[in-house]
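J.: This is the structure I want to talk about, given as structure tokens.
The values are calculated or read from the model by the stated rules, or taken from the named source; none is laboratory data. Predicted, not measured: the structure shown is a model, and the values here were computed from it. Positions of Cβ are generated from backbone atoms using ideal geometry, with glycine treated the same way; all protein chains shown enter the neighbour counts. Each accessible area value is taken on the protein alone, full model and side chains, heavy atoms only, with ligands, DNA and RNA left out. Shrake-Rupley method; radii C 1.70, N 1.55, O 1.52, S 1.80 Å.
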Amino acid sequence: MRNFEVPTRDQVSPEAQEIFDNLKSKIGMIPNIYATIGNSANALGSYLTFQGAQAQGTYNAKEREAVALAVAQANGCSYCQAAHTALGKMNGFTEEETLDLRAGNSADSRLNALVTLARDITLNNGRPTSENVENFFAQGFDNAALVDLVLLVADNTITNYVNNITGIAIDFPAAKSLEPVAV
């Protein structure tokens, strides 16, 4: 398979350099996943706009991180597992909670319904069980929340796929492995 390198600022287009500069001023770094997407200034700009719009939807930062953890695990993305474990902790989750969320579980019934459905959507190509959908609605979510969840799953799947294809270096502390689940 091709060996992908994370591009430096000097290796991307002037348009992508501008986005890199904005990222660095806002968050203090250019995560490798964003730099890799920056091989295409159009893709990076479009992705960041799309991702930013998710913050205006139904879910708060903590809920978005919970979904990101479940989706990263379902898609087998070690980069996003690491990144969202760190971000999840910054948003108030414990290490143990991040592991539970990656497995699609939470002790909080509302959060559990959210991550269970996000995981189900991801693993079943947008065809979750009716039981998981109904449990989601039973927790007080509405149709807008369902559509926002689909877009949030898609948002996270984009970076999962970019990493899974490129295998770029993880620039966050590695996430712990999940214990095998007994069947």
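J.: Please identify the pairs in which a residue from the range 131-160 that is surrounded by 15 or more Cβ atoms within 10 Å (Cβ to Cβ) has its Cβ atom under 6 Å from the Cβ atom of a residue that is of a type in the set (Ser, Thr, Tyr), counting only partners at least 6 apart or on another chain.
T.: Cβ pairs passing all conditions: ASN132/THR116; ALA145/THR58; ASP148/THR58; VAL153/THR122.
J.: Let me ask another. Return yes when THR94 is surrounded by fewer than 19 Cβ atoms within 10 Å (Cβ to Cβ) and modelled with pLDDT of 95 or more and no when it is not. Steps first, please.
T.: On the way: surrounded by fewer than 19 Cβ atoms within 10 Å (Cβ to Cβ): yes; modelled with pLDDT of 95 or more: yes.
Judged against the criteria, THR94 is a match.
J.: Applying the selection to the range 1-11, what residues are part of a helix (DSSP H, G or I) and either exposed (fewer than 13 other Cβ atoms within 10 Å of the Cβ) or modelled with pLDDT under 95 (or both)? Give the steps one after another, and end with the answer.
T.: Initial filter on the range 1-11 (part of a helix (DSSP H, G or I)): 9-11.
If the condition is that a residue be part of a helix (DSSP H, G or I) and either exposed (fewer than 13 other Cβ atoms within 10 Å of the Cβ) or modelled with pLDDT under 95 (or both), then ASP10 is the only one that fits.
J.: Write out, first by first residue and then by second, each pair whose Cβ atoms fall under 7 Å of each other, whose residues are 6+ apart or on separate chains, and whose first residue, in the range 8-28, is among the aliphatic types (A, V, I, L, M) while the second is open to solvent by less than 50 Å² (accessible area, probe 1.4 Å) and part of a loop (DSSP other than H, G, I, E, B).
T.: Close Cβ pairs (under 7 Å, with a partner that is open to solvent by less than 50 Å² (accessible area, probe 1.4 Å) and part of a loop (DSSP other than H, G, I, E, B)) amount to VAL12/GLY38; ALA16/GLY38; ILE19/GLY38; LEU23/ILE30.
J.: Of all residues in the range 59-79, which are farther than 15 Å from ALA154 by Cα and buried (at least 24 other Cβ atoms within 10 Å of the Cβ)?
T.: TYR79
J.: Suppose the filter is open to solvent by 10 Å² or more (accessible area, probe 1.4 Å), more than 20 Å from ASN132 (Cβ to Cβ) and of a type outside the set (Phe, Trp, Tyr); does ALA55 pass it? Before you say what the answer is, go through the steps one by one.
T.: Working: open to solvent by 10 Å² or more (accessible area, probe 1.4 Å): yes; more than 20 Å from ASN132 (Cβ to Cβ): yes; of a type outside the set (Phe, Trp, Tyr): yes.
Yes, satisfied.
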